[in-house]
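Written out below as structure tokens is the structure these notes cover.
What follows draws every value from the coordinates through simple rules; no lab data is involved. The shown structure was predicted, so the numbers you read here are calculated from the model rather than taken from an experiment. Using ideal geometry, Cβ is built from the backbone for each residue, glycine included, and neighbour counts are taken over all protein chains shown.
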Amino acid sequence: MPLAKIEVRRSRPAAEVTALMEAVYLALRDALQVPENDRQIRYIEHRPEHFWVAPGKTENYTLVDILMFPGRPIETKRALYQALMQRLGALGIAPADIMVVLTEPPMESWGIRGIPASAL
């Protein structure tokens, strides 16, 4: 049950937003084998003046922040990075404009149904 957040620097039509969210979802399915319909993905648009990035980045700069349970091997993470690059690239976003950040809080830091995930 990873939680994904996509942050961008420009407004897009609804169909493009849906395509970006679907691309991230499918990359999560490909690399992490998340269950079908496990779509906990948020999409956030910022005005460029409210989202500074390194020089050389374009208006297509896309930050994908994924919060997930700890313990996956580096090979799985590499597969996720590659799946995201491929799927977002197919939508016209250059690899230089994609940043992926994985965060893996310990199981006791996840509250599920009112108890720590470590107790499930």
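About its Cα centre, how strong a charge dipole does the chain have in debye, to the nearest 20, once Lys and Arg get +1 and Asp and Glu get -1 at the Cβ?
40 debye
Mind giving me the nanometre distance, one decimal, between the label points for residue 117 and residue 52, set 7 Å out from Cα along Cα→Cβ?
The two pseudo-label positions are separated by 3.3 nm.
Can you list the residues, at least 5 places off or on another chain, whose amide H is less than 5 Å from the amide H of residue 43, using H built in the peptide plane?
Distant-sequence amide H within range of residue 43: 6.
Around residue 34, which amide H atoms from residues at least 5 apart in sequence, or from another chain, sit under 5 Å from its own amide H, with H modelled in the peptide plane?
29
Quote to one decimal, in nm, the extra length available between residue 86 and residue 107 on full extension: 0.36 nm per residue of separation minus the C-alpha distance between them.
4.6 nm
Run through the range 1-40 and list the GluC sites (Glu not before Pro) located in a DSSP loop whose Cβ has at most 11 other Cβ atoms within 10 Å.
Passing sites in the range 1-40 are 36.
Using θ = phi - 60° and the Karplus relation 6.51 cos²θ - 1.76 cosθ + 1.60, list the HN-Hα couplings for the range 42-57 in order, rounded to whole Hz, with x at every Gly or Pro.
Per residue, the Karplus-derived 3J(HN,Hα) values read 10, 10, 10, 9, 10, 5, x, 6, 9, 9, 6, 9, 5, x, x, 7 Hz.
Need the full-extension length gain, residue 26 to residue 79, defined as separation in residues times 0.36 nm minus the C-alpha distance. One decimal, nm.
So the extension gain works out to 17.9 nm.
Would you please name the chymotrypsin sites (Phe, Trp or Tyr not before Pro) within the range 8-115 that are DSSP coil residues with at most 13 other C-beta atoms within 10 Å of their C-beta?
Counting only loop positions with at most 13 other Cβ atoms within 10 Å, the chymotrypsin sites (Phe, Trp or Tyr not before Pro) in the range 8-115 are 52.
Pull out a ≥ b ≥ c, the square roots of the eigenvalues of the alpha-carbon gyration tensor of the range 21-103, then state rounded if a/c is under 1.5, prolate if not and a/b is larger than b/c, and oblate in the remaining case.
prolate
Set the Förster radius R0 to 25 Å, insert the Cβ-Cβ distance between residue 72 and residue 18 as r into 1/(1 + (r/R0)^6), and round the FRET efficiency to 0.05.
The formula returns an efficiency of 0.40 here.
Rounded to whole Hz and in sequence order, give me ³J(HN,Hα) for the range 73-89 from the Karplus expression 6.51 cos²θ - 1.76 cosθ + 1.60, θ = phi - 60°, writing x for Gly and Pro.
3J(HN,Hα) across the range 73-89, in whole Hz: x, 4, 4, 5, 5, 4, 4, 5, 4, 5, 4, 5, 4, 5, 5, 6, x.
Where does the chain land at 222 nm, in deg cm²/dmol rounded to the nearest 500, when only DSSP H runs of n ≥ 4 count, each adding -39500 (n - 2.57), divided by all residues?
It lands at -10000 deg cm²/dmol.
Quick one: what are the phi-derived ³J(HN,Hα) couplings along the range 60-66, Karplus 6.51/-1.76/1.60 with θ = phi - 60°, whole Hz, x for glycine and proline?
For the range 60-66, the Karplus-derived couplings read 8, 3, 9, 9, 10, 10, 10 Hz, x marking Gly and Pro.
What is the set of long-range amide H partners of residue 10 at a cut-off below 5 Å, with H atoms built 1.01 Å from backbone N?
Residues meeting the amide H criterion: 46.
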